[in-house]
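These notes concern the structure reproduced below.
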């Protein structure tokens, strides 16, 4: 007997969709809600590490991710403006899987959302939770459209600024700005760009990741201590300024920037909810519990792993409290390591720390992420 016969998932991002797929496939009655009536994926591309490929494999979507994205085995390192330094390769997580790769966010969203629908999950869009309480060993939910429902478990997967987290843990502060902002740009991939290119050692860190047959995305981390805001129509001008002086593929992309370029800018925030991530019959997963900066490219990995572990435990145990306690035992330290090490790498960039120090922490983190979940 499973610990939950009826589950509500709040948020249709990577974490929420991954959990919905597993629970739906297991026969647990599952509902997924998302406040966006069009259930869109916002963003350009993401980097996929070996552990992320492994998690996608356990979820049953790895082959589709590889077919619709791009995989490679190495990261080519450059110093500005365009001096080749060498290559680094993440440790092999599984000899049958790539070490590295990328995919466009909308493409990944389409893959996962199709599997959610095929798993028999009830999907309701354009709504959110209005109230949450507990009565007679049930989570009682009133929705923003006036409807209501009773559930054995409510799972918050709304992202870094989760409303459900604010409801469950009102004493916890919001994610903290790290002093860096990140530009991401979707661009056409030249055929010769067959691996991730990373430019380090300058005032900013930038690079490109192949993420499809003819697509790539450029990332650019910039120091912005005051967390300024500007009109998004200026993104291409700002990005062009930060890439001034770079050559090679970075200079080529910069010279093609226009007001129509597909650019997403986000301030980089970091957050780790203290254990436990649950209260009563509600639990948080993904960025709602542990929002990480992109320096270890591990956000998607942690989201899918949370879903895999939580679904496994809900199915294996008939006690909800036992399932949630074991979930914390398996997830907290791993997620803490990623959040803290990723934030430290960001501080190294801001402080101009030596590249060898970056590399050492990167390798320690890669080894830890390659361990089984």
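Any read-out appearing in this document is the output of simple, stated calculations on the displayed coordinates, not a laboratory observation. These numbers were taken from a predicted model, which means no experiment stands behind them. Cβ: placed from backbone, ideal geometry, glycine included. Neighbour counts: every protein chain shown.
Rounded to two decimals, what ratio of Rg to Rh does segment 47-194 give with C-alpha atoms and a Kirkwood Rh? Let's see the in-between values first.
Numbers: Rg = 20.9 Å, Rh = 19.6 Å.
With Rh from the inverse mean 1/r over Cα pairs, Rg/Rh is 1.07.
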Taking the reciprocal of mean 1/r across every pair of different Cα atoms in segment 329-371, the Kirkwood radius in Å is 10.9
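Under the 0.36 nm per residue contour assumption, what length would be gained going from the current alpha-carbon distance of residue 88 and residue 337 to full extension?
Numbers: separation 249, 0.36 × 249 = 89.64 nm, distance 2.13 nm.
That pair, residue 88 and residue 337, stretches by 87.5 nm at full extension.
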For labels at residue 127 and residue 214 in the simple 7 Å Cα→Cβ model, what's the distance in nm? 4.2
Specify the inter-centroid distance of segment 150-201 and segment 225-282, based on alpha-carbon positions, in whole Å. 11
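Would you mind computing Rg(Cα) / (2.2 N^0.38 Å) for segment 153-230, counting N as its residues?
Details: Rg = 17.7 Å, N = 78, 2.2 N^0.38 = 11.5 Å.
Working it through for segment 153-230, the quotient is 1.54.
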What is the Cα centroid distance between segment 99-148 and segment 305-373, reported in whole angstrom? 24
Quick check for you: which residues of segment 19-57 have the amide N under 13 Å from the point 7 Å beyond the Cα of residue 110 toward its beta carbon? 41
Starting from the coordinates of the alpha-carbon atoms of segment 113-185, obtain the Kirkwood hydrodynamic radius over all distinct pairs and give the value in Å to one decimal. 15.1
Virtual paramagnetic centre 7 Å along Cα→Cβ of residue 266, amide N under 16 Å, in segment 173-203: 175-186
For the chain, the percent of all C-alpha pairs falling in each 10 Å bin, from 0 up to the bin holding the max distance, is 5, 24, 34, 24, 11, 2, 0
Using C-alpha positions alone, give me the convex hull volume of segment 177-268 per residue in cubic angstrom. 94
Seen from all sides and averaged, what is the projected area of the convex hull of the Cα atoms in segment 1-97, in nm²? 9.5
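Counting only helical runs of four or more DSSP H residues, what would the 222 nm mean residue ellipticity of the chain come to if each run contributes -39,500 (n - 2.57) and the total is spread over all its residues?
Working: 10 runs with 132 residues, N = 373.
It lands at -11500 deg cm²/dmol.
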